[in-house]
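**Q** Once you've had a glance at the structure underneath, I'll fire off some questions.
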Ligand SMILES: [Fe+2]
């Protein structure tokens, strides 16, 4: 594998959300889906943005078309710059590009997972519900912790993620202030965007109302599908 293919493989695995977790049913092996440097394309919204409960079409469309698509555009640009790197490129330039690559890749990946897990009716269902109860002790404890984590990020920026750790075989709630923090090797199952751009247009600074609206639109069928796929890969 040459350098271009290597970079494409890493970035492709980060951004291509569904494809990245594709599993060969016959062999039970992960199927890599490399993307050439600069070749990422924004995924369309997986639902009709006019039909969400309590989140306006204007907010959701702006979030998708500007913040998410902007991250994909910037990721592509950084990858093309990284593709020009040689052994003679100053280390500080490479370090800066790698930092930006991680920021934009995580932003793109988490935004895709965020939009994917919206468009539902918010009613918990599926095997993941049982797993959350096993992990956090009681049926509602995980939600209490997620809401508290989200509230702690209100007025600023960050993500709340429930991730499966294949290193420790457990579910972990992760609260981050930026795009480039993540649980090592964690597979995001539940993704909540707490950047102000995700809610200010509709709710101003009232982020608690946004968190309620997010839960009301949570798509448990998607969450459960992720859980089943992550368990197989793990
Ligand atoms: Fe966002």
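**Q** Sequence gap at least 6, Cα distance under 8 Å: using those rules, report the relative contact order of the chain to the nearest whole percent.
**A** After rounding, I find 23 percent.
**Q** Per DSSP helix of 4 or more residues, -39500 (n - 2.57); summed, then divided by the residues of the chain. What does that give at 222 nm, rounded to the nearest 500? Could the numbers behind the result be given before it?
**A** Details: 10 runs with 114 residues, N = 234.
Only helices count here, giving -15000 deg cm²/dmol.
**Q** Taking the Cβ of each residue in 113, 141, 147 as the centre, tally the other Cβ atoms inside 10 Å and list the residues starting with the fewest.
**A** Details: 113 21, 141 13, 147 18.
In order of increasing Cβ crowding within 10 Å: 141, 147, 113.
**Q** Evaluate E = 1/(1 + (r/R0)^6) for residue 47 and residue 73, where r is the Cβ-Cβ distance and R0 equals 30 Å; express this FRET efficiency to the nearest 0.05.
**A** Values: r = 22 Å, r/R0 = 0.75.
E(calc), rounded to 0.05, equals 0.85.
**Q** Also, I was wondering about something else. Starting from the 7 Å offset along Cα-to-Cβ, what nm value, one decimal, do you get for the label separation of residue 172 and residue 127?
**A** That separation, rounded to one decimal, is 2.3 nm.
**Q** Let me ask another. What Kirkwood radius, in Å to one decimal, follows from the Cα pairs of the chain? Mind dumping the intermediate values first?
**A** Numbers: mean 1/r = 0.0540 Å⁻¹.
Hydrodynamic radius (Kirkwood, Cα only) of the chain equals 18.5 Å.
**Q** Using the basic label-point model (7 angstrom from Cα toward the beta carbon), what is the residue 200 to residue 94 distance in nanometres?
**A** For residue 200 paired with residue 94, the spin-label model returns 3.7 nm.
**Q** Also, quick follow-up: Fully extended, how many nm does the chain gain between residue 135 and residue 152 (0.36 nm per residue separation, minus their Cα-Cα distance)? List each step's numbers first, then the result.
**A** Numbers: separation 17, 0.36 × 17 = 6.12 nm, distance 2.18 nm.
Between residue 135 and residue 152, full extension yields 3.9 nm more.
**Q** Turning to a different aspect of this structure: So what's the angle, to the nearest 10 degrees on a 0 to 90 scale, between helix 141-153 and the longest Cα principal axis of the chain?
**A** 60 degrees
**Q** In addition: For 211, 162, what's the fewest-to-most ordering of other Cβ within 10 Å of each Cβ?
**A** Working: 211 21, 162 28.
The order, fewest Cβ neighbours first, is 211, 162.
**Q** Something else about it: On a 0 to 90° scale, report how tilted helix 69-82 is relative to the longest principal axis of the chain, with both axes built from alpha carbons and the result rounded to the nearest 10.
**A** 20 degrees
Only the coordinates and a few stated rules stand behind these numbers; no lab work does. Remember, predicted model here, so these are calculated numbers, not experimental data. Positions of Cβ are backbone-derived with ideal geometry, glycine not excepted, and every protein chain shown enters the neighbour counts.
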